[in-house]
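Below is one structure, written out as structure tokens, with a few remarks after it.
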Amino acid sequence: MDECKVIIMGFGSVGQGVAKAISMKKDLIKDKTGVDIKVVAAADSSSSAISQEGLDEELLVKTKKEEGKLSAYPEFGSDKNGADILDAVEYDCLIEATPTNIVDAEPALSLTFKAFEQGKDVVTSNKGHLALKFREVVEAAEKAGVEFKYEATVGGSMPIINFTKETLASCEIKSIKGILNGTTNYILSRMTSEGSEYEVILKESQELGIAETDPTQDVEGIDAACKTVILANSLLGIDATYSDVKVEGISKINSQAIELAKKDDYLIKLIAEVSPDNLQVSPRLVKRGSSYDVSGTLNMATIKTDLANEVSVIGLGAGSLETASAMLTDLISILKNKI
């Protein structure tokens, strides 16, 4: 393979981050794999840009930012959207970056299955279809004989899925415990350092773009619960779905609780626990100075194994380029496997 033609589905912050990262790292990818990356289509929720000869990644981002829709892309803008894009152009890999939908997993589920049916590899950052139908999606990829990579679904730039499968391949994974949502960690960190109330920090986080306009998935623990399911299935072999996770968010945490914890040298963190006996996301007390004492949008996880004891990983859990870095790593892995 001398060339890899990719489609980017979903052109919000993550999709734009992927386009930027491809533009920045084309030469690096060529050096590592011998393959040229060409973006042949990109789609937002209502329109797209399509060219078999390849699109300019920076112009895609510029068009989306300035015009608000990819149909405004010069010459190659289109009103096509959704699954029709996968029929409109020849491609090798679908980069799936649509928003997570925890109700019915669409459009990610249909897009992913269609790509598999077409014999195409898929790299995703979407948690919805994996939180609801992990086993079904993975088995569909295996049946189709294609590669399906999802490192970006958990922890942004924090390496955990590929790291555990490859670097800790000799170990049995007993449990994973960690901070899997950057937005809630930022809010709790600010509440701890400033003594401010939850509502005040949430509003400032939204103004800074760290928290979404509708922050429910983050602050109520839904995002971390989805990641819990993905880790349970992929690393511990637990056949779980979202409904199997006990979930409590941080919206009821107040400054008094934070201060009481600080007096005893503890912090309050939103902790995800993944073990055969417990799938849970909830606010917990952690010791100041422990491995769980990370601030801002950092994520961390402690992986408990039989041979290597405990191994901790850390990384930025929020940000478009950070998430894109994980997706490009998955793409490089797929390309290396084809050499």
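The values are calculated or read from the model by the stated rules, or taken from the named source; none is laboratory data. If you're wondering where the values come from, they're calculated on a predicted model, not measured in any experiment. So basically every Cβ, Gly included, is an ideal-geometry build from the backbone, and we count neighbours across all protein chains shown. Protein only, heavy atoms only, side chains kept; ligands, DNA and RNA dropped before computing areas. Shrake-Rupley method; radii C 1.70, N 1.55, O 1.52, S 1.80 Å.
Tabulated results
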item: Counted residues, the range 219-237 - those being under 13 Å from the mean Cα position of the chain (by Cα) and of a type in the set (Asp, Glu); result: 1
item: Whichever residue in the range 68-80 is open to solvent by 60 Å² or more (accessible area, probe 1.4 Å) and in contact with a strand residue (DSSP E or B) (Cβ under 6 Å, 6 or more places away or on another chain) and, among such residues, is modelled with the highest pLDDT; result: Phe76
item: Filtered residues of the range 144-161 (kept if within 14 Å of Glu96 (Cβ to Cβ), hydroxyl-bearing (Ser, Thr, Tyr) and open to solvent by 10 Å² or more (accessible area, probe 1.4 Å)); result: Tyr150
item: Looking only at the range 166-190, and only at residues there that are assigned to a helix (DSSP H, G or I) and not hydrophobic (A, V, I, L, M, F, W, C), the one that is surrounded by the fewest Cβ atoms within 10 Å (Cβ to Cβ); result: Glu166
item: Residue, least open to solvent (accessible area, probe 1.4 Å), within the range 191-218, restricted to residues that are closer than 13 Å to Asn254 by Cα and β-branched (Val, Ile, Thr); result: Ile201
item: Filtered residue count, the range 303-339, keeping only those that are at pLDDT 95 or above, out of contact with any Cys (no Cβ under 9 Å at 6 or more places or on another chain) and surrounded by fewer than 16 Cβ atoms within 10 Å (Cβ to Cβ); result: 3
item: Only one of Leu270, Leu231 that is under 28 Å from Glu139 (Cα atoms), touching a strand residue (DSSP E or B) at 6+ places or on another chain (Cβ under 6 Å) and open to solvent by less than 60 Å² (accessible area, probe 1.4 Å); result: Leu231
item: Members of the range 41-62 that are hydroxyl-bearing (Ser, Thr, Tyr), within 16 Å of Ala97 (Cα to Cα) and open to solvent by less than 30 Å² (accessible area, probe 1.4 Å); result: Ser47, Ser48
item: Top-ranked residue in the range 255-266 [being touching a strand residue (DSSP E or B) at 6+ places or on another chain (Cβ under 9 Å) and either outside the structural domain of Glu194 (by the TED database) or open to solvent by less than 30 Å² (accessible area, probe 1.4 Å) (or both); ranked as farthest from Ser125 (Cα to Cα)]; result: Ala261
item: Within the range 280-295, considering residues that are open to solvent by less than 20 Å² (accessible area, probe 1.4 Å) and in contact (Cβ under 8 Å) with a residue 24 or more places away in the chain, the one farthest from Val247 (Cα to Cα); result: Val294
item: Residue match in the range 235-254 (condition: touching a helix residue (DSSP H, G or I) at 6+ places or on another chain (Cβ under 9 Å), under 21 Å from Met158 (Cα atoms) and either modelled with pLDDT of 95 or more or open to solvent by less than 70 Å² (accessible area, probe 1.4 Å) (or both)); result: yes
item: Pair list, Cβ under 9 Å, 6 or more apart: the range 155-171 residue within 12 Å of Ala301 (Cα to Cα), other residue charged (D, E, K, R) and at pLDDT below 95; result: Met158/Glu322
item: Residue, nearest to Leu180 (Cα to Cα), within the range 285-339, restricted to residues that are of a type in the set (Lys, Arg) and in contact with a strand residue (DSSP E or B) (Cβ under 8 Å, 6 or more places away or on another chain); result: Lys304
item: Candidates Lys30, Lys20, Lys38, Lys65 - the one that is in a helix (DSSP H, G or I), in contact with a strand residue (DSSP E or B) (Cβ under 7 Å, 6 or more places away or on another chain) and either modelled with pLDDT of 95 or more or open to solvent by 10 Å² or more (accessible area, probe 1.4 Å) (or both); result: Lys30
item: Residue that is farthest from Phe134 (Cα to Cα) [pool: residues in the range 83-110 that are touching a residue at least 60 places away in the same chain (Cβ under 8 Å) and in a helix (DSSP H, G or I)]; result: Ile85
item: Residue in the range 60-82 that is in contact (Cβ under 8 Å) with a residue 60 or more places away in the chain and not assigned by the TED database to the domain that holds Lys246 present; result: no
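So that you can scan it fast, the table gives a plain yes or no per residue for (1) part of a helix (DSSP H, G or I); (2) crowded, with 24+ Cβ neighbours inside 10 Å:
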| site | (1), (2) |
| --- | --- |
| Ala115 | yes, yes |
| Asn126 | no, yes |
| Leu130 | yes, yes |
| Val137 | yes, no |
| Glu142 | yes, no |
